[in-house]
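> Just dropping this structure here.
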């Protein structure tokens, strides 16, 4: 992913107001982000831990931002392990969280949302590349996909989620 500026990030959001985008806090390590290892930028808002944000390159190259939140009843359901629906990394149940996004436009203003289970730290790109390891040991399966194939799969899953948000 190409590095983004604060302004590019804030102006990219499709499902929140300009005021909300202006108030969001960027990642605490924003100046040191490993942009070359990121397929998208995802972070939990340091000032509001029940809010998260995701910015990814759009089809035309312009960034597309999605504001997310943890719903009031966020339980993975007592499972011993869970899988992120973006990168398919296996985690302990605390390593995956349900995040919901208001839909873009009028439907979102009416309260309509869409959700997905994702890595709780939104570090899918780093898990795919082996730069971060999940706490879950002995997942019971070994993938044969290359890193590039895993990246393509994660981006396709992210495309599908983005399409659900933007309608």
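> At a Förster radius of 22 Å, what calculated FRET efficiency corresponds to the Cβ-Cβ distance of residue 7 and residue 36, to the nearest 0.05? Write out the running numbers ahead of the final one.
Details: r = 21 Å, r/R0 = 0.97.
Calculated value: 0.55.
> Sorting 141, 127 on the 10 Å Cβ count, fewest up front, what's the list?
Details: 141 6, 127 23.
So the residues, fewest neighbours to most, are 141, 127.
> I'd like the FRET efficiency for residue 112 and residue 148, computed as 1/(1 + (r/R0)^6) with the beta carbon distance as r and R0 of 25 Å, rounded to 0.05.
Details: r = 35 Å, r/R0 = 1.41.
Rounded to the nearest 0.05, the efficiency is 0.10.
> Quick one, can you get me the convex hull of the C-alpha atoms of the chain expressed as volume per residue in Å³? Write down the numbers at each step before the final one.
Values: hull volume 19.4 nm³, N = 167.
Per-residue hull volume (Cα only) is 116 Å³.
> Per q in 0.14, 0.16, 0.25, 0.26 Å⁻¹, report the Debye log10 I(q)/I(0) for the range 1-93, using one uniform scatterer on each alpha carbon and no solvent.
Each listed q corresponds, in turn, to -0.59, -0.75, -1.37, -1.42.
> By how many degrees, 0 to 90 and rounded to 10, does the Cα axis of helix 147-166 deviate from the longest principal axis of the chain?
Helix 147-166 sits at roughly 40 degrees to that axis.
> Could you work out which residue, out of 28, 144, 17, moves most in a Gaussian network model of the chain, that is, has the largest mean-square fluctuation with Cα springs under 10 Å?
Evaluated over the chain, the most mobile residue of the options is 144.
> Provide 82, 93 in ascending order of the number of other Cβ atoms located within 10 Å of each residue's Cβ, fewest first. Numbers along the way, then the final one.
On the way: 82 22, 93 16.
Ranking 82, 93 by Cβ neighbours within 10 Å, fewest first, gives 93, 82.
> If you take every DSSP beta bridge fully contained in the chain, what fraction is antiparallel? Give it as a percent rounded to 5. Display every interim value, and only then the final one.
Values: 22 of 23 bridges.
The antiparallel fraction comes to roughly 95 percent.
> Please compute the modelled spin-label separation between residue 72 and residue 141, points set 7 Å along Cα→Cβ, answer in nm with one decimal.
3.5 nm
> At residue 156 and residue 50, where each label point lies 7 Å from the Cα along Cα→Cβ, what is the point-to-point distance in nanometres?
Placing both labels 7 Å along Cα→Cβ, they lie 3.6 nm apart.
> Rank the residues 9, 86 as a footprinting-exposure proxy: fewest other Cβ atoms within 10 Å of their Cβ go first.
Ranked by crowding around the Cβ, least crowded first: 9, 86.
> Once you have the Cα-Cα distance between residue 92 and residue 133, take 0.36 nm times their residue separation minus that, and quote the gain in nm to one decimal.
On the way: separation 41, 0.36 × 41 = 14.76 nm, distance 1.16 nm.
13.6 nm is the gain from fully extending residue 92 to residue 133.
FYI, it's all coordinate maths here, none of it is from the lab. These numbers come from a predicted model, not from an experiment. Because the Cβ atoms are built from the backbone with ideal geometry, glycine has one as well, and the counts that use them run over all protein chains shown.
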